[in-house]
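The values are calculated or read from the model by the stated rules, or taken from the named source; none is laboratory data. Predicted model only: the values in this text are computed from it and were never measured. Cβ placement follows ideal geometry from the backbone for every residue including glycine, while neighbour counts extend to all protein chains displayed.
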Amino acid sequence: MLSVDLAARRLGLRPGTPVAKAQALHPDLLIMDADPDGDRAGLERLSLWFQHRIAPIVAPDPPDGIVLDTTGADHLHGGEAVMLENMVSRLKEAGITARAAIADTWGAAHALARYGRERITLVPPGETAAAITDLPIEALRLPADIIDGLHGLGVSRIGPLAGMPRAPLTLRFGPDVARRLDQAFGRQAEAIVPVRLQAPVQVSRNFAEPISAAETIARYITKLVPPLCAGLEEREQGVRRLDLLLHRVDSRTEAVRVATAMPVRDVRRLTRLLCDRIETIDPGFGIERMVLTASLAEPILHRQGVSALIEEEEADVSDLIDTLANRVGTQALYRFAPVESDVPERAVCRVPALAPEDGKEWPDHWPRPTRLLPRPEPIQTMAVLPDHPPIFFIWRGIRRRIRCADGPERVFGEWWKGDAELTTVRDYFRVEDTSGETFWVYRTGDGEHGETGSQGWFLHGLFE
Amino acid sequence: MPAPKPRPALEALRAQVSRLEGQGRRRRGVLPFGMPEIDGRLPDGGLALGALHEVAGGGHDALNAAASGLFSAGIAARTRGKVLWIATRQDLYAPALQQVGLSARRTIYVAASSDVDVLACFEEALRRQGLGAVVAEVGRLSMTASRRLQLAAETSGALGIAIRRWRRQTDAADFGQPTASVTRWRVSVLPSVPLPVPGVGRSRWLLELIRARAGECADFEVEACDAKGRLAPCRLALPATLADRPDQEAAGHRRARA
């Protein structure tokens, strides 16, 4: 186990315990796989938040910390103590248990935040050395094998380690020990490489005279999109979401948002997508400023095209998908994909129109109806039990005599989905009436046992 | 058709006539049915690409559009490229389309909220090059709307199929109204091929070609689409495999003029 939460700590579990042992002690333990990449990304995001709120120089300190240079920033937040208290309580609101320390050096603050006695530690300037002498040597950001070696020498605190002669230590463990000690005591400078917030690509235009005509708006859209695309090209990115903000003279803002299925950097396509939405803009007394922001951009992946000599490349329809999605909504464009289920309505699921193909297909051994009713409709029938098709049935007020039929195709309930389906059975028949219309009807139950269903008949689909 | 001798004067006249007919109308090729009986009746020997075609179901199928849907899916299955299927009522069952050769990987569905949206999406998609076929389920289709669609299809060369599907049986009389589509089909179900054993045989359809631009109306009795989307002539039933009956044909003419 790499990390445990407070509840687990109360149970006596500690990081480093084998998972099997912990599970043997507490069988109902919730165990999640470690996700170092996710943790790092989360730290980055949190650092950006700190950069936004507290101080400009912020860097993630993996695996579990963030380091800030608050020099000159504390008085903006009411002093160092208030600032730390504020940060910790805000993190607590977000569900993060945090410890914080302020010291003269990164190394000392790192050590105190992790091994200090208090949740929040403040070290006045110049007292760093005294504050960290009592801490264990694990606090020094040294590799695990060096820590083990030092323990082997009988050194466990920073103070005694700092008092030892440097030359033998360096000879035995390399330069790291001396460097970390110097960094912690402030004898050697250590730079923080701050995270950098990448501002979204944004272009804007102010108007001396407010504009309101649709044609004028369209003209300025065509002028705003090319510089935006040029900015994206520098970053090798494409737009997934584009926001056009129109500031009106009466201080209100109209917004148009278009989304694309794939990253796009094509001037014509983006112009077209935005111009399609002009009719939704209410210009009021006029628009004095237009801002176009690529609020969600993703790298455009270049790939090699298919050689035309071998196979024909399938036309790219993503621009059409975007145009339609901006008209009817992204949810309204989809493909059907197979799901491994014998229950007909569960055998299909909707996937996004441009989702990658997985090559699966539905099994082809039984004919399936062209139209499947959204929910099966009850029908009145006469049928010989247990396994004969109906002789006639009445659906939507029309009585139909069955001329011929195929079946039954028995579909069992999916017992793993719930207790209600433990014993249920459906018997599907494909029946054709005297006029040639073909239907898909089923009986709930096997025709013999009451627990398999109500033995009622339903119409579920229409063949041709 | 082998031309015996080049006739420059005639060629020049033909070119002039085609210019008069419209600049955008280029020869786009056709999608043959693979049945000589049907292809022989259609100008150029198949369904014209870059054109709008209408399909409706006969009888109850005008509401359910099951047979007409499967007929359209069979046509779409024989094209290349992605297929767009636009509808307001989404009750198609994708495994059935796979059984006539229209793979779910190729088919993108658009759920429109109204007939107006369907027509707008239909036109937008028809303007776009590179799609195999665009299928839309609409009820009312006015002359203006269909002309727009036809022009859009001509610019791109896409195959447009409008499945006419109504909410009430009485609305189905709308199919008599003229539209700008190149062909109009009505698909009615016939009793299936009888089998020597109990069971349902391969379905049969009565295909009525109600209108064909530069062609004649005709009725065909066919067996429903197979796994590749192809139709087949009825093997038994009538002595003439093709129900090419003069009285029906006359009726077709009357309907087409109505």
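Does A:Ile300 fit the bill of being among the β-branched types (Val, Ile, Thr) and either outside the structural domain of A:Ala208 (by TED's automatic domain parsing) or at pLDDT below 90 (or both)? Write out each step before concluding.
Working: among the β-branched types (Val, Ile, Thr): yes; either outside the structural domain of A:Ala208 (by TED's automatic domain parsing) or at pLDDT below 90 (or both): yes.
In short, yes.
Scan the range A:439-456 and tell me whether some residue there is more than 43 Å from the chain's Cα centre (by Cα) and closer than 28 Å to B:Thr107 by Cβ.
yes
Answer yes if at least one residue in the range A:258-269 is without any contact (Cβ under 8 Å) to a residue 60 or more places away in the chain and assigned to a strand (DSSP E or B), and no otherwise.
Here is the first cut: in the range A:258-269, the ones without any contact (Cβ under 8 Å) to a residue 60 or more places away in the chain are A:263-269.
Checking which are assigned to a strand (DSSP E or B) leaves us with A:263-264.
Checked against the condition, which is being without any contact (Cβ under 8 Å) to a residue 60 or more places away in the chain and assigned to a strand (DSSP E or B), the range A:258-269 yields at least one hit.
Which residues, counting only those in the range B:79-102, are within 17 Å of the chain's Cα centre (by Cα) and either among the aromatic types (Phe, Trp, Tyr) or surrounded by fewer than 22 Cβ atoms within 10 Å (Cβ to Cβ) (or both)?
Start the filter on the range B:79-102 by keeping residues that are within 17 Å of the chain's Cα centre (by Cα), which leaves B:79-80, B:83-87, B:97, B:100-102.
Within the range B:79-102, B:Thr79, B:Arg80, B:Trp85, B:Ala87, B:Gly101 qualify.
If you check A:Thr17 against the conditions, is it exposed (fewer than 13 other Cβ atoms within 10 Å of the Cβ), over 30 Å from the mean Cα position of the chain (by Cα) and outside any helix (DSSP H, G or I)?
Working: exposed (fewer than 13 other Cβ atoms within 10 Å of the Cβ): no; over 30 Å from the mean Cα position of the chain (by Cα): yes; outside any helix (DSSP H, G or I): yes.
Criteria not met by A:Thr17.
Which of the residues belonging to the range A:326-350 are out of contact with any Pro (no Cβ under 8 Å at 6 or more places or on another chain), closer than 25 Å to B:Arg127 by Cα and within 9 Å of another protein chain (Cβ to nearest Cβ)?
A:Arg327, A:Val328, A:Gly329, A:Gln331, A:Ala332, A:Phe336
If you take the residues in the range A:338-347 that are surrounded by fewer than 19 Cβ atoms within 10 Å (Cβ to Cβ) and among the aliphatic types (A, V, I, L, M), which one is nearest to A:Arg368 (Cα to Cα)?
Per the criteria, the residue is A:Val343.
Tell me, yes or no, whether the range A:169-183 has at least one residue that is within 39 Å of the chain's Cα centre (by Cα) and either under 30 Å from A:Thr293 (Cβ atoms) or buried (at least 17 other Cβ atoms within 10 Å of the Cβ) (or both).
Within the range A:169-183, one or more residues are within 39 Å of the chain's Cα centre (by Cα) and either under 30 Å from A:Thr293 (Cβ atoms) or buried (at least 17 other Cβ atoms within 10 Å of the Cβ) (or both).
Could you check the range B:41-75 and list, in sequence order, the residues that are facing chain A (nearest Cβ under 8 Å) and either surrounded by fewer than 24 Cβ atoms within 10 Å (Cβ to Cβ) or acidic (Asp, Glu) (or both)?
Matches in the range B:41-75: B:Gly59, B:His60, B:Asp61, B:Asn64.
If I go through the range A:93-121 residue by residue, how many of them are in contact with a strand residue (DSSP E or B) (Cβ under 6 Å, 6 or more places away or on another chain) and farther than 15 Å from A:Ala184 by Cα?
The qualifying residues number 3.
Kindly list the number of the only condition in (1) facing another protein chain (nearest Cβ under 9 Å); (2) under 22 Å from A:Pro356 (Cα atoms); (3) in a helix (DSSP H, G or I) that fails for B:Gly81.
Condition (3) is where B:Gly81 drops out.
Quick check on my filter: what residues within the range B:90-110 are under 21 Å from B:Ala62 (Cα atoms) and out of contact with any strand residue (DSSP E or B) (no Cβ under 7 Å at 6 or more places or on another chain)?
Listed by number, the residues that qualify are B:Ala96, B:Val100.
Return the residues of the range A:408-464 that are within 14 Å of chain B (Cβ to nearest Cβ), hydroxyl-bearing (Ser, Thr, Tyr) and over 22 Å from B:Asp91 (Cα atoms); say none if nothing qualifies.
Within the range A:408-464, A:Thr434, A:Ser435 meet the criteria.
Can you tell me which of (1) within 30 Å of A:Arg53 (Cβ to Cβ); (2) surrounded by 14 or more Cβ atoms within 10 Å (Cβ to Cβ) is the one A:Gly284 doesn't meet?
(1)
What is the residue count in the range B:42-85 for residues that are under 23 Å from B:Glu216 (Cα atoms) and without any contact (Cβ under 8 Å) to a residue 60 or more places away in the chain?
Summing the residues that are under 23 Å from B:Glu216 (Cα atoms) and without any contact (Cβ under 8 Å) to a residue 60 or more places away in the chain in the range B:42-85 gives 3.
Out of the range A:351-372, which residues are in contact (Cβ under 8 Å) with a residue 60 or more places away in the chain and at the interface with chain B (Cβ under 8 Å from one of its Cβ atoms)?
Within the range A:351-372, A:Ala353, A:Pro367, A:Arg368, A:Pro369, A:Thr370, A:Arg371, A:Leu372 qualify.
Taking the range A:378-393 as the search range and keeping residues that are in contact (Cβ under 8 Å) with a residue 24 or more places away in the chain and assigned to a loop (DSSP other than H, G, I, E, B), which one is nearest to the other protein chains (Cβ to nearest Cβ)?
Checking each candidate, the answer is A:Pro389.
Please enumerate the residues belonging to the range B:157-178 that are closer than 23 Å to B:Gly29 by Cβ and surrounded by fewer than 22 Cβ atoms within 10 Å (Cβ to Cβ).
Listed by number, the list holds a single entry, B:Gly157.
What number of residues within the range B:202-219 are part of a loop (DSSP other than H, G, I, E, B) and facing another protein chain (nearest Cβ under 8 Å)?
In the first step, residues of the range B:202-219 are kept if they are part of a loop (DSSP other than H, G, I, E, B); the result is B:202-203, B:213-217.
Next cut, facing another protein chain (nearest Cβ under 8 Å) only: B:203.
Residues that pass the stated criteria total 1.
For the condition outside any loop (DSSP other than H, G, I, E, B) and within 30 Å of A:Val317 (Cα to Cα), what is the one hit in A:Arg443, A:Arg410, A:Arg350, A:Arg375?
Just a single option satisfies the conditions, and that option is A:Arg350.
Do any helices (runs of 4 or more DSSP H) entirely within the range A:146-192 hold 3 or more residues that are of a type outside the set (Val, Ile, Thr) and closer than 20 Å to A:Thr128 by Cα, and if so, which? Full working, then the answer.
Working: elements: A:158-163, A:166-173, A:176-185.
Result: A:158-163, A:176-185.
A:Leu140 passes all but one of (1) at pLDDT 90 or above; (2) within 39 Å of the chain's Cα centre (by Cα); which number fails?
(1)
Search the range A:6-29 for residues that are in contact (Cβ under 8 Å) with a residue 24 or more places away in the chain and pair each with any residue that is surrounded by 10 or more Cβ atoms within 10 Å (Cβ to Cβ) and of a type outside the set (Lys, Arg) when their beta-carbon atoms are under 9 Å apart and the residues are at least 6 apart or on different chains.
From residues that are in contact (Cβ under 8 Å) with a residue 24 or more places away in the chain, the pairs are A:Leu6/A:Thr97.
Within the range A:146-168, track down each residue that is under 42 Å from the mean Cα position of the chain (by Cα) and hydrophobic (A, V, I, L, M, F, W, C).
First, the residues of the range A:146-168 that are under 42 Å from the mean Cα position of the chain (by Cα): A:146-148.
Listed by number, the residues that qualify are A:Ile146, A:Ile147.
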